[in-house]
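Remarks on the structure that follows.
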Amino acid sequence: MQRWQGLKDVPTGWGRSVVTIGVFDGVHRGHQTIIAEAVAEAGELGLPSVLITFVPHPAEVVRPGTHPAMLTTLVRRAELVEQLGVDVFCALPFTLERSKMSPAEFVHATLLDRLHVSSVIVGENFRFGHKAAGNVEALVELGRRFGFTARGVHLLAEHDQTLSATHVRSCVQAGDMRAATEILGRPHRLDGVVERGDQRGRELGYPTANLRADDKAAVPADGVYAGRVVRLDEWGRTIDAPPLGTAAISVGTNPTFDVRQRRVEAFVLDFAGDLYGSNLGIEFVERLRGMERYDGVDALVAQMDRDVDQTRTLMA
């Protein structure tokens, strides 16, 4: 899969293509349905499929300070898209200038000038142009005018709830990892680099990897979770190898020791080694309990023993 950092990377002589466009944060099962339609149509037409996503999230440009918690890094999003058979992943810079384009200007600048789009496939709730003035109907009409087809794909819904990144974020923020997994089609993952903490876990017999993630990443609710840890390369790409291991994961402050800094720490079961400076992805499978204060170290360690036993049983 080709990766473009904006339309400046479109190769000279690029022909026609099938395009799907959206933020696609999380690449959840609803997104996967839309992307699959684009990939299938591209195959039928014998054209490359191009997925356009935006950097940063458009909300941050239109309403600064409203950037939603992100379910995936850009690197992770590209990985997931590649697994779905997309030919080109284009991370399009979303600027204030682009946000002020009319629907017709947006189509010309984004889809026609360099990509020579043949077909556009989007979710049925897709909006574009200044103040979100354009919708799927407007896109279809612009297609008739400028020589491409366009259609909206019905949004996937289950249990009377439309599958959306907003819904996934609410599940993650509530610590409901089973519900998040159901929508995503895989466990929610938090990527980052391991940094040195206060090393108290090592003193207690449970050395943990203290993960520093992006400040806009979607971090689950405070509590203890069962999950697993995967290794990433220096660019944040998943290393094609078995997971590093099952992990008991703590999210939040440490009230027993009056630590107020919110942290994400993973104790990797049956692992001995130094992870400082490593890039890791932590997958959250199930919440075991909330964050609690204990009367002394012995009570805390006893609970950690139970957390690890429960993690081992659940992940087996």
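Selection of region 284-316 for residues being touching a Ser or Thr at 6+ places or on another chain (Cβ under 9 Å) and not hydrophobic (A, V, I, L, M, F, W, C) yields GLU286, GLU292, ARG293, TYR294, ASP295, GLY296, ASP307, THR311, ARG312.
Could you tell me which of the residues GLU286, GLU234, GLU292, GLU265 is under 15 Å from GLU195 (Cβ atoms) and either touching a helix residue (DSSP H, G or I) at 6+ places or on another chain (Cβ under 9 Å) or of a type in the set (D, E, K, R) (or both)? Reasoning before the result, please.
Values: GLU286 fails: under 15 Å from GLU195 (Cβ atoms); GLU234 fails: under 15 Å from GLU195 (Cβ atoms); GLU292 fails: under 15 Å from GLU195 (Cβ atoms).
Going through GLU286, GLU234, GLU292, GLU265 in turn, the sole match is GLU265.
So which residues in region 79-106 are outside any strand (DSSP E or B), aliphatic (A, V, I, L, M) and under 26 Å from THR162 (Cβ atoms)? Matches in region 79-106: LEU80, VAL81, LEU84, VAL86. Evaluation of GLU41 against the conditions (1) part of a loop (DSSP other than H, G, I, E, B); (2) in contact with a strand residue (DSSP E or B) (Cβ under 9 Å, 6 or more places away or on another chain) shows that the sole unmet condition is (1). When region 255-269 is examined, which residues are found to be of a type in the set (S, T, N, Q) and either within 17 Å of VAL308 (Cα to Cα) or modelled with pLDDT of 75 or more (or both)? Scanning region 255-269 gives a single hit, GLN261.
Output the number of the condition that VAL18 fails; it satisfies all remaining conditions of (1) touching a residue at least 60 places away in the same chain (Cβ under 8 Å); (2) touching a His at 6+ places or on another chain (Cβ under 6 Å). Against the list (1) touching a residue at least 60 places away in the same chain (Cβ under 8 Å); (2) touching a His at 6+ places or on another chain (Cβ under 6 Å), VAL18 comes up short only on (2).
Identify the residue in region 40-49 that is surrounded by 16 or more Cβ atoms within 10 Å (Cβ to Cβ) and out of contact with any Asp or Glu (no Cβ under 8 Å at 6 or more places or on another chain) and, among all such residues, is farthest from GLY13 (Cα to Cα). Looking at residues that are surrounded by 16 or more Cβ atoms within 10 Å (Cβ to Cβ) and out of contact with any Asp or Glu (no Cβ under 8 Å at 6 or more places or on another chain), I get GLU41.
Within region 119-137, track down each residue that is of a type outside the set (Phe, Trp, Tyr) and surrounded by 19 or more Cβ atoms within 10 Å (Cβ to Cβ). Full working, then the answer.
Let us first name the residues in region 119-137 that are of a type outside the set (Phe, Trp, Tyr), namely 119-125, 127, 129-137.
Those that are of a type outside the set (Phe, Trp, Tyr) and surrounded by 19 or more Cβ atoms within 10 Å (Cβ to Cβ): SER119, VAL120, ILE121, VAL122, GLY123, GLY129, GLY134, VAL136.
Residues that are surrounded by 12 or more Cβ atoms within 10 Å (Cβ to Cβ), at pLDDT 70 or above and within 15 Å of ARG262 (Cα to Cα) within region 193-215 comprise VAL194, GLU195, GLY197, THR208, ALA209, ASN210, LEU211, ARG212, ALA213, ASP214, listed in sequence order.
The values are calculated or read from the model by the stated rules, or taken from the named source; none is laboratory data. Please read these numbers as outputs of a predicted model, since none were measured by experiment. Every residue, glycine as well, gets a Cβ built from its backbone with ideal geometry; the counts of neighbours run over all protein chains shown.
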